[in-house]
Amino acid sequence: MTFLIRSLAIIAAFCLLDASGIAWAQEEERESIVFSVISTEQTEAVEALWQPFVADMEETTGLEVELVSAIDYAGVIEAMRFGQVDVGWFSNLSGLQAIRLADAEVFAKTLYPGGQEGYRSVILVPDDSPIQTLDDLLVCDGSLSFALGDPNSTSGTLVPLAYIFAPRGIDPQTCFSQVTNANHEQTALAVANGFVDAGTNNTTNLERLAQTRPEALEDVRILWTSPLIQTDPIVWRRDLPEDAKADILSFFLTYGFRGGADQRAREQAILEALFLGGFLPATDEHLLPIRRLELMRDLAETQASDELEDGERAARLEQVEIAMGELAAEERRVAVRDLADDLIEARARMDAEPDEASAQITGLVSSFLAAQPRIEVERRARRVTAGELTRGLIGLGSGLALFGVLMIRSRPPRFGPSKLMSDRLIDAAIWSGLFGLLIWSFWPAEMFKLPLLGANAPRMGEYIAGFLQLDLDGWEGYARQTLITVQIALWGTVVAVVAAIPFGLLASRNIAPVWIVQPVRRLMDAFRAINELVVAAIFVAAVGLGPFAGVMALALHTTGVLAKLFSEAVEAIDDGPVEGVRATGAGPVNEVVWGVIPQVIPLWASYALYRFESNTRAATILGLIGAGGIGQVLIQNIRSFEYGKTATILLIIIAAVTMVDLLSQMLRKRLV
Amino acid sequence: MAAADLALSVDKVTKSYGATIALSGASLDVAPGEMVALIGASGSGKSTLLRLASGLVLADAGSGAIRLFGEKVQENGKLSAKVRRARAKVGFIFQQFNLVTRASLYANAMLGSLGQIAPWRGITGSFPNDVRKRAMEALERVGVADHAANRAANLSGGQQQRGAIARALVQRAQAIFADEPIASLDPVSARRVMRLLAELNEQDGLTVVVTLHQVDYALKYCRRAVALKAGKIIYDGPISGLTRERLIEIYGDEYRDVMDEEPVRA
């Protein structure tokens, strides 16, 4: 008992130390900046690739530059909003969100290695597909499946929506039998293997795929190609000091094109490794096309949504049209400015080549006029959703049928004791209710696909076979990252145990009055219900990307779980010892400390150790939001189809979880 | 005797569980230094009376006051604010011992001091030295000092019950209330526990109130008997007043057969 108390005191002291450490560290900020890069669809080596670039940036600007790589745009935008990231390489759509949410602005844009200023979205179909035209794809009879990109992806989602679906008034969700969201590689592979009938992608990614997995490209055919989409923006926080901005801007614009031939060659090599051809200056105007795409998507979604009342739909459409109008005015300003420049240039040639110049002037003006956008708003009939109701009725019907059977089966027997009518009703209701729910959930859970498991077993075998070729390169690094994951899990669990002790006691009906128990239990429900990823994103706002956000996310979720389990243990105790302590005249806290806690310690310890094991696994998921550890490496490898490396990582994770299990078994024996 | 001078005073107390009335308008006074047996059939209300007296159970609204050594425990179905001071004066012995089974016998004995020391000392387990000394002395006295370091869970019933009495000694209780203290014990342990209670009563002047369902132990160790039947006190007087007819009245007609089969050994 005293041991427990002392441990708590030590933990509390640590927390205080930690807080003072944070306060101290903040004083020497601003000398350094944080530069974020998105590592989607890059290999795990993304940080290694960027490191020489960052080193050059530090040398040129005199700033200390910290490089962070994250898989998820949302986390970086949140981090930028709360001053945890200063400069970032974004996609067009996420850059737009950064500008809106994080008070950021575009200062440069990337170029491709060939110097191109953009890429094109494509729609892929399997090479042997009967689909030959967009019209074949858009039959919308629910017979085809379609793979869109990540919801935030420009080329994977936004461009196809804006250029194909919105103008035709088609909602992909109703047009296709199934719409999946995945990253570009997964989509390409799914199309190549014929798992979907069509999927989105982009030209840059196809070039990359041609190098890494050329065999996959042979199985796909490009059905449609979009207009040019601008390259990615480089964004900074508006409130960076002006001199820092100047240093950073001059570094980006000159990089790869400065100094002697040696330096230029070296920097060009670094850029090339990053699939970049340098940077050009840009402003927020860079994002005008993306804003247009986004508005067209909003328009399409508002029209297609069947959850809106007609009045609300009209109001939203009006909002979109107002925004479209504002956007058009901005686009017009840019276009007019460009036109003016072009006209001046053309007129300057008037003396030398009058005919060509006048033809050029006429052409410039007419193409300017033709390019002015026109919005066509089509109204669509609302979709009828009969399926849901039918399924509900089928579920209800089968439940009632079973209810009848159970009631007949439980009739009083001729010999032997009979059951109470109320017991029979309740038993029958529980079992038939469960059965009805199962039937009702059968289609939404796609349980009808069960036979596919048997039929497509060889395909699964093929997939698994990829894992069998272990790639042991860099396993020490993976082991180190796994250790970090275990360390994250350890702290997350300990913080949760410390928090769950008071919460668990307050959620126990035999300890606390009902007006405390109920609110505490609902709070714990909320802690449990909210996904760790969401919680982690919230903590990113306060503490930036990295393991600590993961610790806090695990801690919050685990507190919800442990407090519930702890309180159930407390409610199951024997009242005897509590009365024994109470009868000595002890106060309520001592009743709990001596009467309750010794009884529940074995169970509590057992629960806490079990959660430590599951948190070790859960901590790997947190890699998704850049919480570090093996999860980040694992996800990057899965996304870049490094099966051999993924298998190595999985083996190391299994080994780690096994060791944690053995350790906790030993502890459990000692404690129980 | 005024209520302030009594070890226990119970004034017209009623307790019901739903529709079942466990105790109905019972009044009882116990003077300091008495050794009283509460007897009666199962469900007669004797345990309820003892648990009410320590404030472990609340009486029905409308009941009178219950006091221990002049300190109010409860009145009108509400616990007194000073109930913990009252409880500290009385050691309570339970049929199932109610020790903290995962703690050592030594720690259990020290728990007797919880009503007297600062709460933080109890919470952190830093008991003062004089409590530690008293705990060893008390374990010595009840004869389980050899097992002081053992977890209560690993000891026999008799050893645990003597540990519970040691806890009452550390508590410096002026009275011991024992609720069926020997019902779960073998005959040898039972005798040892009852002799210990009688010794504390005679040598240390502790008031002892003990509920028993073995009449022979009551006859052997107690001087006063209080008999309950269906929640009412139907006899309160010297132990010698428990005649054959009275016992048949207390336990019902079938007790006649019990006595005929197995003569009471006094």
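Points worth noting:
- Screening the range A:108-225 for helices (runs of 4 or more DSSP H) wholly inside it with 1 or more residues that are within 23 Å of the chain's Cα centre (by Cα) returns the ranges A:172-175, A:184-192, A:203-212.
- Only one entry of A:Phe527, A:Phe503 meets the criterion of being surrounded by 19 or more Cβ atoms within 10 Å (Cβ to Cβ) and modelled with pLDDT of 95 or more, and that entry is A:Phe503.
Here is a yes/no grid of residues against (1) of a type in the set (D, E, K, R); (2) within 11 Å of chain A (Cβ to nearest Cβ):
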position: B:Tyr17; (1), (2): no, no
position: B:Gly45; (1), (2): no, no
position: B:Leu56; (1), (2): no, yes
position: B:Ser63; (1), (2): no, no
position: B:Lys72; (1), (2): yes, no
position: B:Lys78; (1), (2): yes, no
position: B:Arg85; (1), (2): yes, yes
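- Test: residue in the range B:102-113 that is within 19 Å of the chain's Cα centre (by Cα), farther than 18 Å from A:Pro577 by Cα and in contact (Cβ under 8 Å) with a residue 40 or more places away in the chain: no
Conditions (1) surrounded by fewer than 23 Cβ atoms within 10 Å (Cβ to Cβ); (2) more than 8 Å from chain B (Cβ to nearest Cβ), marked per residue:
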residue	(1), (2)
A:Leu554	no, yes
A:His557	no, yes
A:Leu562	no, yes
A:Ile573	yes, yes
A:Pro577	no, no
A:Pro598	yes, no
A:Ala605	yes, yes
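- Residue check for B:Phe97: in a loop (DSSP other than H, G, I, E, B), within 9 Å of chain A (Cβ to nearest Cβ) and surrounded by 17 or more Cβ atoms within 10 Å (Cβ to Cβ): yes
- Qualifying residue in the range B:166-189 (condition: assigned to a strand (DSSP E or B), under 23 Å from B:Ala7 (Cα atoms) and acidic (Asp, Glu)): yes
- First in the range A:496-512 and on the phi < 0 side of the Ramachandran plot and without any contact (Cβ under 8 Å) to a residue 12 or more places away in the chain, second anywhere and surrounded by fewer than 24 Cβ atoms within 10 Å (Cβ to Cβ) and assigned to a helix (DSSP H, G or I), Cβ under 9 Å, 6 or more apart: A:Ala512/A:Leu505; A:Ala512/A:Leu506; A:Ala512/A:Val520
- A:Gly585 being in a helix (DSSP H, G or I) and within 14 Å of chain B (Cβ to nearest Cβ): no
- Within the range B:196-266, helices (runs of 4 or more DSSP H) holding 2 or more residues that are over 19 Å from the mean Cα position of the chain (by Cα): B:244-251, B:255-261
- Among residues of the range A:243-281 being aliphatic (A, V, I, L, M) and under 21 Å from A:Thr204 (Cα atoms), the one that is surrounded by the fewest Cβ atoms within 10 Å (Cβ to Cβ) is A:Ala269.
- When residues of the range B:100-132 are limited to those that are in a helix (DSSP H, G or I), hydrophobic (A, V, I, L, M, F, W, C) and more than 7 Å from chain A (Cβ to nearest Cβ), the one farthest from B:Ser156 (Cα to Cα): B:Trp120
- Condition met for A:Val540 (among the β-branched types (Val, Ile, Thr), surrounded by 20 or more Cβ atoms within 10 Å (Cβ to Cβ) and farther than 23 Å from A:Ile77 by Cβ): no
- Here the condition is being over 18 Å from A:Asn590 (Cβ atoms), in contact with a Phe, Trp or Tyr (Cβ under 7 Å, 6 or more places away or on another chain) and more than 8 Å from chain A (Cβ to nearest Cβ); of B:Ala138, B:Ala148, it holds for B:Ala148 alone.
- Residue in the range A:655-663 that is within 30 Å of B:Phe97 (Cα to Cα), among the small types (Gly, Ala, Ser) and more than 25 Å from the chain's Cα centre (by Cα) present: no
- Selected residue [surrounded by 14 or more Cβ atoms within 10 Å (Cβ to Cβ), touching a helix residue (DSSP H, G or I) at 6+ places or on another chain (Cβ under 7 Å) and closer than 30 Å to A:Phe195 by Cβ] from A:Trp475, A:Trp443: A:Trp443
- One residue stands out among those in the range A:18-60 that are within 16 Å of A:Gly88 (Cβ to Cβ) and of a type in the set (S, T, N, Q): the one that is modelled with the lowest pLDDT, which is A:Gln42.
- Selection status of A:Ala445, within 30 Å of A:Leu295 (Cβ to Cβ) and either out of contact with any strand residue (DSSP E or B) (no Cβ under 9 Å at 6 or more places or on another chain) or at pLDDT 80 or above (or both): no
The values are calculated or read from the model by the stated rules, or taken from the named source; none is laboratory data. Fair warning: this is a prediction, and the values are worked out from it, not measured in the lab. FYI the Cβ positions are ideal-geometry reconstructions off the backbone, even for glycines, and counts take in every protein chain you see.
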